[in-house]
Amino acid sequence: MKINLEKIKRAHLIGIGGIGVSAIARILLKKGIQVSGSDLERSKVTNNLKKLGIKVFCGQHRPENIERDINLVVHTVAASKDNPELIQAKEFKIPTLTFPQILGELTKDKFTIAVSGTHGKTTTTSLASLVLEKGGFDPTVVIGSNLEAFKGNARVGKSKYFVIEADEYRKAFLNYSPNIVVLTSLEYEHPDCYKNLKAVKKAFSDFLKKLPAKGMVIACFDDANVRDLIEKSKAYPERSRGVISYGFSEDVTFRIGNVIQKRRGTTFQITKNNELIGEFKLVIPGIHNVLNATAAIALALELGISIGAIKRTLTGFKGAWRRFEKKGEVKGVTIIDDYAHHPTEVQATLAAARKLFGDKKIICVFQPHHYQRIKALIWDFVKSFSNADEIVICDIYSVAGREDKLTQREVSSKMLVEEIAKLGKDVKYIGELDEVVKYLAKHTKKEDVVITMGAGDVTEVGDKLVRSLKRKRKSVR
């Protein structure tokens, strides 16, 4: 459906508290459109949107939230067909678009840089956006997390450049019209909409085919699946700019070398076609973040951004929301929160933590996310906690509208605990998050590091633990 946003005076967004839909709300508001929205729950996101002047209805979706003078309804892909607000919009003959569809509309009139991949999208999108801003490109940005520099998950610029996080879930990225695609990684994920890795590869292949004749792919060739996808594709030899590769591999365009990881940051060198570009420093930890940063460096250099602007961006980047985010340090206990919910992400985050914190005790609190993901990848999850000294597994976070009842009966957190225990790891099951907080407040000691992980509400554990330890400290005084 073709929508002329210039003619839209009033828009209503269903699921406005979601990380994607809320970004669209900010962009539409900046365009001078009157925005309202609804969400089942009140949150920091909805509260922040209200402060911007957006009318937000929290609680059950209601048909009366849709008024006749609304010109456009945007909704999360999780909204069901029997959603009362969608039904009312249809009755009033108001055009409706999903989040990926409206984002796709926004990409059509821009020079779009789409950051894709199973892992690393958010950090890479953040760095790419910031380096374009620092380089004077004044980009518009839609990102899958909150970024302190943008005071949220979106930025509206005045230039033609548009940087987006391109999600593969339900093939959302096939709605977009990219000029440059950054491809960070490719693994089996989202088992509720992809049957196997072959299906995931097919979706990414279709996405890359959406590039125009002068399009560019910036791809991590350390990832065997990415390399295989690019090398087997017939879509690129005729493209004038073609493929820019990066990684630690010897045959890549932008090669990483001389990596030195210390407490205060990681330094590394980049060569382009074996010619030294320079040395860069990254504050956020982990080799996986060195790769993410290199993707942003490659993009920036190909766009003509100065090395000085790139270096300033990297050294000033403290990370995005829920990406190795330090919640606090109380009584010598360090509390970190991370979005990791796939085995590869869990392993990479814990490896970064081990390198950063050395011999300190690392306690990983993991909330499994989505029953079908746990069933499909359980053996990879079992092996992913090798760098944790103690593991606490919470109940599986059930994702509304995406769960299969049979799978919910077949898989449990206790099953995951039993298998991890067979490897000799110190692992325990504590289902409820509040009980996890109580356990940690009682058992953590000075020099311990607590890392909460998962895509659900496990993030609340870190905040509550900080408050609990502070109260405990005051009571001791």
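The values are calculated or read from the model by the stated rules, or taken from the named source; none is laboratory data. Predicted model, so just to flag it, every value in this text is computed and none were measured. Ideal geometry is used to build each Cβ from the backbone, glycine not excepted, and the neighbour counts take in all protein chains shown.
When the residues of the stretch 410-437 are narrowed to those that are more than 21 Å from His342 (Cα to Cα) and without any contact (Cβ under 8 Å) to a residue 24 or more places away in the chain, which ends up surrounded by the fewest Cβ atoms within 10 Å (Cβ to Cβ)?
Gly424
Examine the stretch 269-291 for a residue that is farther than 19 Å from Val131 by Cα, surrounded by 14 or more Cβ atoms within 10 Å (Cβ to Cβ) and out of contact with any Gly (no Cβ under 9 Å at 6 or more places or on another chain), and state whether such a residue exists.
yes
What are the residue pairs meeting all of these: first residue in the stretch 16-30, first residue outside the structural domain of Leu86 (by TED's automatic domain parsing), second residue at pLDDT 95 or above and of a type outside the set (A, V, I, L, M), Cβ atoms under 8 Å, and 6 or more apart or on different chains?
none
For the condition modelled with pLDDT under 95 and either closer than 25 Å to Lys151 by Cβ or surrounded by fewer than 23 Cβ atoms within 10 Å (Cβ to Cβ) (or both), what is the one hit in Gly319, Gly304?
Of the residues listed, the single one that is modelled with pLDDT under 95 and either closer than 25 Å to Lys151 by Cβ or surrounded by fewer than 23 Cβ atoms within 10 Å (Cβ to Cβ) (or both) is Gly319.
The rows are residues; the columns are (1) surrounded by fewer than 19 Cβ atoms within 10 Å (Cβ to Cβ); (2) assigned to a helix (DSSP H, G or I); (3) within 16 Å of the chain's Cα centre (by Cα); (4) touching a residue at least 24 places away in the same chain (Cβ under 8 Å).
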position	(1), (2), (3), (4)
Asp82	yes, no, no, no
Gln88	no, yes, no, yes
Leu97	no, no, no, yes
Leu106	no, yes, no, yes
Val115	no, no, yes, yes
His119	no, no, yes, yes
Leu127	no, yes, yes, yes
Asp138	yes, no, no, no
Phe162	no, no, no, yes
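Take Val77 and decide whether it is touching a helix residue (DSSP H, G or I) at 6+ places or on another chain (Cβ under 7 Å), in contact (Cβ under 8 Å) with a residue 40 or more places away in the chain and surrounded by fewer than 21 Cβ atoms within 10 Å (Cβ to Cβ).
yes
Let me confirm something: among Gly257, Gly265, Gly358, which residue is surrounded by fewer than 21 Cβ atoms within 10 Å (Cβ to Cβ), touching a Leu at 6+ places or on another chain (Cβ under 8 Å) and not aromatic (Phe, Trp, Tyr)?
Step by step, each of Gly257, Gly265, Gly358 is checked, and only Gly265 is surrounded by fewer than 21 Cβ atoms within 10 Å (Cβ to Cβ), touching a Leu at 6+ places or on another chain (Cβ under 8 Å) and not aromatic (Phe, Trp, Tyr).
Taking the stated definitions as given, is Glu67 modelled with pLDDT of 95 or more and either in a loop (DSSP other than H, G, I, E, B) or out of contact with any strand residue (DSSP E or B) (no Cβ under 6 Å at 6 or more places or on another chain) (or both)?
Yes, satisfied.
Answer yes or no as to whether Ile305 is farther than 26 Å from His190 by Cα, in the same structural domain as Thr266 (by TED's automatic domain parsing), β-branched (Val, Ile, Thr) and not in a helix (DSSP H, G or I).
yes
List, please: which pairs have Cβ atoms under 7 Å, are six or more places apart or on different chains, and start with a residue in the stretch 383-397 that is more than 17 Å from Gly462 (Cα to Cα) and end with one that is charged (D, E, K, R)?
If the second residue must be charged (D, E, K, R), the pairs left are Phe385/Lys425; Asn387/Arg354; Asp389/Lys361; Asp389/Asp426.
Quick one: what pairs do we get from the stretch 240-269, first residue within 14 Å of Leu356 (Cβ to Cβ), second of a type in the set (A, V, I, L, M, F, W, C) and in a loop (DSSP other than H, G, I, E, B), C-beta under 6 Å, 6+ apart or different chains?
That search, which allows pairs on different chains as well, returns Gly265/Val283.
What number goes with the only condition from (1) at pLDDT below 95; (2) over 17 Å from Ala11 (Cβ atoms); (3) surrounded by 14 or more Cβ atoms within 10 Å (Cβ to Cβ) that Lys44 does not pass?
(3)
Kindly establish whether Ser177 is under 26 Å from Val21 (Cβ atoms) and surrounded by 17 or more Cβ atoms within 10 Å (Cβ to Cβ).
In short, yes.
Would the stretch 44-62 turn up any residue that is over 27 Å from Asp457 (Cβ atoms) and more than 27 Å from the chain's Cα centre (by Cα)?
Checked the stretch 44-62: no residue is over 27 Å from Asp457 (Cβ atoms) and more than 27 Å from the chain's Cα centre (by Cα).
Residues being buried (at least 21 other Cβ atoms within 10 Å of the Cβ) and either under 21 Å from Ala219 (Cβ atoms) or basic (Lys, Arg) (or both): count how many of those fall in the stretch 324-333.
Qualifying residue count for the region: 0.
Conditions tested, residue by residue: (1) basic (Lys, Arg); (2) farther than 25 Å from Asp82 by Cβ.
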{"residue": "Lys7", "(1), (2)": "yes, yes"}
{"residue": "Ile16", "(1), (2)": "no, no"}
{"residue": "Ser22", "(1), (2)": "no, no"}
{"residue": "Gly37", "(1), (2)": "no, no"}
{"residue": "Ile54", "(1), (2)": "no, yes"}
{"residue": "Cys58", "(1), (2)": "no, no"}
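Run Asp359 past the list (1) acidic (Asp, Glu); (2) assigned to a loop (DSSP other than H, G, I, E, B); (3) within 21 Å of the chain's Cα centre (by Cα) and report the number of the one that doesn't hold.
If we test Asp359 against (1) acidic (Asp, Glu); (2) assigned to a loop (DSSP other than H, G, I, E, B); (3) within 21 Å of the chain's Cα centre (by Cα), just (3) comes out false.
Scan the stretch 1-23 for residues that are at pLDDT 90 or above, closer than 12 Å to Val73 by Cβ and not in a strand (DSSP E or B) and jot them down.
If the condition is that a residue be at pLDDT 90 or above, closer than 12 Å to Val73 by Cβ and not in a strand (DSSP E or B), then Ile8, Gly15, Ile16, Val21 are the ones that fit.
If you check Glu390, Glu447, which single one turns out to be surrounded by 18 or more Cβ atoms within 10 Å (Cβ to Cβ) and either under 18 Å from Ala353 (Cβ atoms) or in contact with an Asp or Glu (Cβ under 8 Å, 6 or more places away or on another chain) (or both)?
Checking each option against the conditions leaves just Glu390.
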